[in-house]
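Input: a single structure, listed below in structure tokens.
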Amino acid sequence: MNVIAPTVSAPVLKNKGLEIALSDGVSHYFNYYWLRDNCPTSFDAATRERSFDIFHLATAPRAAQAEVKDNALEIVWQDEDHVTRFPLSWLEAYREGKPRRDPSDLPRVAWYGDHYPNVPRFSQPRLVADPEARAKWIEAMLTEGFTIVTDMPDSDAALTEIANLIGQVRPTFFGDYFDVKTHINPTNTAYTASALELHTDTPAEDNAPGVQFLHCRANTVQGGDSLYADGVAVASDFRQRDPEGFRLLSEVATPFYCEHDSYDMRSRQTVIELDQHGEVSGLTISQHMADIFDLPQDLLDEYYPAFCRFGRMLQEEKYVMKFLMKAGECMVFDNHRIVHGRAAYSATSGDRYLRGCYTDRAEMRSTYRALVSKGRFKA
Ligand SMILES: [Fe+2]
């Protein structure tokens, strides 16, 4: 039997780019600048950065000739002594002009008030020792946004060590670390024994820290239950229940502030944050750090009731997970997604000491990609 090899049609050269038929049998267009800039020789093997300088080509790049040889597109460039070879499989990945696949772009899984027994838990020594456990931990952070690290040593160093598994400790204007216990002259409601309503931290920063660590070092007081809710669960349900309220809270930015003797931090944020797919990715909310809403008063006729409807929904029993933190546990959660608070406690009934810090979301995604994928350069 005669096997007829598929014919590969020659690339068609155009003014600003070329057309080539790929595995789908359809002709795809690629721009000459893009082809020249992304020639495999443009990248330095050691630094993995682009070392080619397209700004200083004497003339606009243009193919003098192009052909398909050994499953690769070979281009001889005009006005330049250079030949580029692209495996056809590489061109396939970019033919649609869609963003490169991102292994950290995982679908979020909403959770509700009964979630506590199912919270993903990871032992600190295991995370330190095992990259696969770290990948599972970060995957849970990306999908659920809330995890508990157990078996934490009772030391400051243990918190730094666990945070550094995700990224660098990211300071806020309060410093690198913070201690949550009752203070004699509190600058923040967190440093009192009062109840703390559900909120995200430091909303007055332009880009509030993405991942929060709360290491429980002591908790023997009466009361002080921890409260957590999944902003994705609440806001996604709010979208169904109250579409107009959802539109206002995801489109209208409101001011946040944090002000005391030596600082006056301000930002504007929407309460509901959407990702590149239009899905709810998080919240920025804090009644104690919401500045005076400086919006047109007739817009406030609509905005305030929606804001209150959402704020009340956030506190519904259906969504709020309540539990008592234990010494030796570290709560790790997405500060742009998970709202946290606590019930009041009796400051004289025992010790309550949490030590905390932050890292960033982008660095968490970076660490995850490096753990689970080959990227563009790894062999
Ligand atoms: Fe907080």
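Values computed for the structure shown
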{"item": "Close pairs from the range 19-40: first part of a helix (DSSP H, G or I), partner surrounded by 13 or more Cβ atoms within 10 Å (Cβ to Cβ), Cβ under 6 Å, at least 6 apart", "result": "32/17; 32/61; 32/62; 33/61; 36/61; 37/54"}
{"item": "Residue among 373, 366 that alone is surrounded by fewer than 18 Cβ atoms within 10 Å (Cβ to Cβ), more than 24 Å from residue 235 (Cβ to Cβ) and modelled with pLDDT under 95", "result": "373"}
{"item": "Hey, residue 342 on the phi < 0 side of the Ramachandran plot, at pLDDT below 95, crowded, with 20+ Cβ neighbours inside 10 Å and within 15 Å of the ligand (Cβ to nearest atom) or not", "result": "yes"}
{"item": "Top-ranked residue of the range 310-323 - restricted to ones that are over 15 Å from residue 283 (Cα atoms) and touching a helix residue (DSSP H, G or I) at 6+ places or on another chain (Cβ under 6 Å), ranked as surrounded by the fewest Cβ atoms within 10 Å (Cβ to Cβ)", "result": "323"}
{"item": "Residue list for the range 281-297, filter: surrounded by fewer than 19 Cβ atoms within 10 Å (Cβ to Cβ), assigned to a loop (DSSP other than H, G, I, E, B) and not hydrophobic (A, V, I, L, M, F, W, C)", "result": "291, 294, 296"}
{"item": "Wholly within the range 47-162, strands (runs of 3 or more DSSP E) carrying at least 1 residues that are hydrophobic (A, V, I, L, M, F, W, C) and assigned by TED's automatic domain parsing to the domain that holds residue 314", "result": "121-123, 146-150"}
{"item": "Filtered residue count, the range 163-194, keeping only those that are assigned to a loop (DSSP other than H, G, I, E, B) and either surrounded by 15 or more Cβ atoms within 10 Å (Cβ to Cβ) or at pLDDT below 90 (or both)", "result": "19"}
{"item": "Residue that is nearest to residue 303 (Cα to Cα) [pool: residues in the range 209-246 that are over 22 Å from the mean Cα position of the chain (by Cα) and of a type in the set (D, E, K, R)]", "result": "244"}
{"item": "Verdict on residue 300 being surrounded by fewer than 19 Cβ atoms within 10 Å (Cβ to Cβ), free of Cβ contacts under 8 Å to residues at least 24 places away in the same chain, in the same structural domain as residue 176 (by TED's automatic domain parsing) and more than 16 Å from the ligand (Cβ to nearest atom)", "result": "yes"}
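The values are calculated or read from the model by the stated rules, or taken from the named source; none is laboratory data. Computed from a predicted model, the values in this text were never measured in an experiment. All Cβ positions, even for glycine, are placed from backbone atoms using ideal geometry, and neighbour counts span all protein chains on display.
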